[in-house]
Amino acid sequence: DLQALKLLFEDPSEPEKVTHLLLKKDFMGRNVLFPACILGRCEVVKELIKYGASVNSLTSRGYSPLHCAAAWGQLDMLKTLVEMGADIKACNFCNEKAYEIAIRYNKTECADFLAWAEAKLELKIYISFVHQSITDLEKLQGKLNKEYKNQTMAACKSKNEWLEHTKNPTTHDFVEQKLQLEAIMQTIFSKLKTSSDSGKSTSKS
């Protein structure tokens, strides 16, 4: 009951009940999020996470709420959990991500969504990696000239704008955008290596 849950959380006289509800786990290590995920109670899950339930809580065998939602084919729940910060790459004791669980139980729509979400995440991670690499002055000072830095910054900006403004991108679209950025960076890294090798040769002579 969502309303009863909200009343409990908003009642200042019952802090121990709230703490007990959020921290309690069953013999398999499942917290209160797991049954809500099985039942597809998205609003309940949002409320629980809002008040401190861990979206990335793991059972004794490494299953997360995301694994659970995938196994039961709860597509809307998967979307909610990802939106709330669930770790798409979390693996259980068999080294399976939620995507593999969805495949195992023939939950095709869930598997498609998780593949899409991971492709989006991979693009974001790579953009962040590239941006961090060129803004780390301690590592790159004197190694990255202005031209290469501007090219890299422009490429990152372009991909971020694509992420922000592209409507209904597909999994393939995310993969292609990442490959394009990797190709740009490979060219720049190759130029940097050539410049570095040339500098070493000059210093030796």
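Taken together, the values in this text are just the output of simple stated rules run on the coordinates, not laboratory data. Please read these numbers as outputs of a predicted model, since none were measured by experiment. Cβ placement follows ideal geometry from the backbone for every residue including glycine, while neighbour counts extend to all protein chains displayed.
For a label point 7 angstrom out from the Cα of Asn150 toward its Cβ, which stretches of segment 116-135 have the backbone nitrogen within less than 18 Å?
134-135
Determine the sum of side-chain charges near Thr170: Lys and Arg each +1, Asp and Glu each -1, restricted to other residues whose C-beta is under 15 angstrom from that of Thr170. Please report the intermediate quantities before stating the final value.
Details: positive: Lys120, Lys167, Lys178; negative: Glu109, Asp112, Glu118, Glu122, Asp173, Glu176.
Residues near Thr170 contribute -3 overall.
Tell me, what HN-Hα J-couplings in whole Hz come from the Karplus equation 6.51 cos²θ - 1.76 cosθ + 1.60 at θ = phi - 60° for each residue of segment 69-86, using x for Gly and Pro?
Result, ordered by residue: 4, 5, 5, 8, x, 8, 4, 4, 5, 4, 4, 5, 5, 5, 4, 8, x, 5 Hz.
Can you sort Phe27, Phe174 by how many other beta carbons sit within 10 Å, fewest first? Please list the in-between numbers first.
Details: Phe27 7, Phe174 23.
In increasing order of surrounding Cβ atoms, one gets Phe27, Phe174.
How far apart, in nanometres, would the label points at Asn106 and Leu39 be if each is projected 7 angstrom from Cα along the Cα-to-Cβ direction?
2.8
So for the pair Leu179, Gln132, with labels modelled 7 Å out along Cα→Cβ, what separation do we get in nm?
Taking the simple label geometry, Leu179 and Gln132 are separated by 2.6 nm.
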